[in-house]
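In what follows, a structure is listed as structure tokens, so that the remarks can point back to it.
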Amino acid sequence: MGSLKPIDDATTQQGFMATRVDELINWGRKNSLWPMPLGLSCCGIELMAMIGPKFDLARFGAEAARFSPRQCDLMIVAGTLTWKMAEAARVIYDQMPDPKWVIAMGVCSSSGGMYDSYSVVQGVDMILPVDVYVPGCPPRPDAVIDAIMKLQKKIEREQPLKARLSGDNLDHGIGSKTFVRAPNTAVSTRGSHAVLPPGESRP
Amino acid sequence: MSTLERVQSALAAIGAKPLASREGTPFFSIEPAHVREACRILRDVCGFETNTFVTAIDHFPAEPRFELVWQFLSVQHNDRVRLSARVSGEQPHVDTIGDLFPGTQYSERECFDMFGIVFDGHQSHAGGLKRLLMPEGYDHFPLRKDFPHQGIEPDKLYNAWFKQRFERHEAEHADV
Ligand code: SF4
């Protein structure tokens with residue numbers, strides 16, 4: 001404990017706040033989400049409206065949509081994902097740096113929607129761990145904003161420091177066995193998105 | 001002279017039989033072996049410069065199972081004409097008309113992709129008859145009537161790709 005020093009006068013005069021590292025990290029993460037707009041079909045139009053000035057996603061700090069996955073931490077799957085496109089979507093997801101979250105926007109990406117078909121992925125949770133599902137065809141921009149607020153609440157509950165200290169594998173790149181088969185189990189209460197390989201269950 | 005008569009007399013040599021069509025477009029049934037000849041007559045004698053589409057209809061379980069349909073347009077005469085030929089088998093063959101009407105190449109690729117009809121002699125910029133909409137390596141022909149609409153193992157190609165990618169990654173990072 002020898003490294004702990006009493007707070008000096010300069011600090012007390014300027015003021016300070018006591019908080020937990022987790023809370024500070026989460027506060028930063030949840031208020032600066034950078035969406036990766038995976039606009040695959042009609043839902044993409046609503047996504048654009050959401051980011052635009054009328055609905056103004058900037059109020060939630062998530063308006064900085066980047067078209068490089070390397071700069072993003074929130075993938076918004078807006079549209080119909082086909083099996084032919086699934087490989088590309090998975091590569092984009094893997095290219096995003098951790099921590100990262102996924103919103104399935106619209107019924108198509110949530111469950112395949114009306115495309116009960118051989119060519120359409122019946123829910124992107126077959127290939128990606130989804131955090132928030134948004135119903136609607138297409139969902140109104142306010143519904144997606146609501147999803148972003150829900151995601152912010154979820155990020156608040158994460159424990160990044162604990163995950164890091166416990167050696168939880170934070171690198172969910174292509175090395176992780178994030179191959180999800182069971183839908184709707186991807187909502188993790190842990191601070192990480194490690195989705196288990198088939199056959200293994202969470203403790 | 002009506003379109004029907006004009007085309008009928010030109011196609012008489014290959015024994016085309018007129019069929020009833022619902023909206024009045026001249027419609028002829030031909031033998032699959034005469035496809036190229038019929039198309040050449042339509043282009044060179046009757047003045048149909050353009051092919052509108054090549055497609056197929058699956059009459060499963062009737063035999064012969066597939067009805068191929070070609071539609072041609074004459075801008076000069078403001079006419080349309082349709083040809084039909086019945087083919088059967090698991091992998092039906094018919095001659096390509098891609099060299100007579102280059103615009104049919106995509107139609108033929110789509111028809112192959114969806115119905116599995118092989119157009120003999122097909123040459124396109126893609127280098128032969130390849131799938132157009134479904135990914136390379138797909139095993140089925142989705143618009144056939146005996147194909148279930150939810151598909152057969154729709155995730156097969158994705159899973160294979162994912163597994164291969166994962167194993168390659170594991171091998172590359174084996175030392176860490
Ligand atoms: S959910 Fe509706 S609006 Fe969205 S991509 Fe699907 S069909 Fe289009």
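Please identify the longest segment of chain B free of exposed GluC sites (Glu not before Pro), where exposed means a DSSP state other than H, G, I, E or B and no more than 11 other Cβ atoms within 10 Å. In short, B:24-89. With 0.36 nm allotted per residue and the present C-alpha distance subtracted, the B:ALA10-B:ARG22 stretch has 2.1 nm of extension available.
Pop out the carbon and sulfur fraction of the accessible area of the stretch A:1-86 as a percent, whole number, probe 1.4 Å.
Carbon with sulfur: 60 percent of the solvent-accessible area.
The residues of the stretch B:3-172 present an accessible area of 51 Å² per residue when probed at 1.4 Å with all protein chains retained. Checked against a 22 Å cut-off, the cross-linked pairs A:LYS5/A:LYS162; A:LYS30/A:LYS100; A:LYS30/A:LYS162; A:LYS154/B:LYS163; A:LYS154/B:LYS156; A:LYS162/B:LYS163 give Cα-Cα distances beyond that limit for A:LYS5/A:LYS162; A:LYS154/B:LYS163; A:LYS154/B:LYS156; A:LYS162/B:LYS163.
In order along the stretch B:106-111, the phi-based Karplus estimate (6.51 cos²θ - 1.76 cosθ + 1.60, θ = phi - 60°) of 3J(HN,Hα) comes to 5, 4, 5, 5, 5, 5 Hz; Gly and Pro are listed as x.
Assuming R0 = 45 Å, what is the FRET efficiency of A:ALA18 and B:ARG131, from their Cβ-Cβ distance, to the nearest 0.05?
For A:ALA18 and B:ARG131, the calculated efficiency is 0.10.
The fraction of all Cα pairs in the protein assembly as shown landing in successive 20 Å bins from 0 to the largest distance is 23, 38, 27, 10, 3, 0, given as whole percents.
Taking the DSSP bridge list for chain B and keeping only pairs wholly inside it, about 75 percent are antiparallel. Taking trypsin sites (Lys or Arg not before Pro) as exposed when DSSP calls them loop and at most 12 other C-beta atoms lie within 10 angstrom, chain B has its longest site-free stretch at B:23-129. Please report how far the C-alpha centroid of the stretch A:29-65 lies from that of the stretch A:87-143, rounded to the nearest whole angstrom. Centre-to-centre (Cα) distance: 15 Å. Centre-to-centre separation between the Cα atoms of the stretch B:1-70 and those of the stretch B:104-135: 20 Å.
Per residue, the accessible area of the stretch A:27-144 comes to 38 Å² when a 1.4 Å probe rolls over the protein heavy atoms. Checking every one of the chymotrypsin sites (Phe, Trp or Tyr not before Pro) in the stretch A:18-68 against DSSP loop status and a limit of 14 other Cβ atoms within 10 Å picks out A:PHE67.
Take the Cβ atoms of B:HIS169 and A:LYS150, set R0 to 25 Å, and the FRET efficiency comes out at 0.15. Using bins of 5 Å that start at zero, the share of Cα-Cα pairs per bin across the stretch B:1-82 amounts to 3, 14, 27, 28, 17, 7, 3, 1, 0, in whole %. When the convex hull of its Cα atoms is viewed from all sides, the stretch B:3-172 shows a mean projected area of 12.0 nm². Counting Cα-Cα pairs of the stretch A:35-165 in 10 Å increments starting at 0 gives whole-percent bin shares of 13, 46, 33, 8, 0.
Of all DSSP beta bridges located in the stretch A:35-165, what percent are antiparallel, nearest 5? The antiparallel proportion sits near 5 percent.
Under the criterion of Cα pairs below 8 Å and six or more residues apart, the relative contact order for the stretch A:66-107 equals 61 percent.
The values are calculated or read from the model by the stated rules, or taken from the named source; none is laboratory data. Owing to the predicted nature of the structure, the values given are computational and were not obtained by experimental measurement. Note that each Cβ is placed from the backbone with ideal geometry, even for glycine, and that neighbours are counted across all protein chains shown. Accessible surface areas use protein heavy atoms only, side chains included; no ligands, DNA or RNA. Shrake-Rupley method; radii C 1.70, N 1.55, O 1.52, S 1.80 Å.
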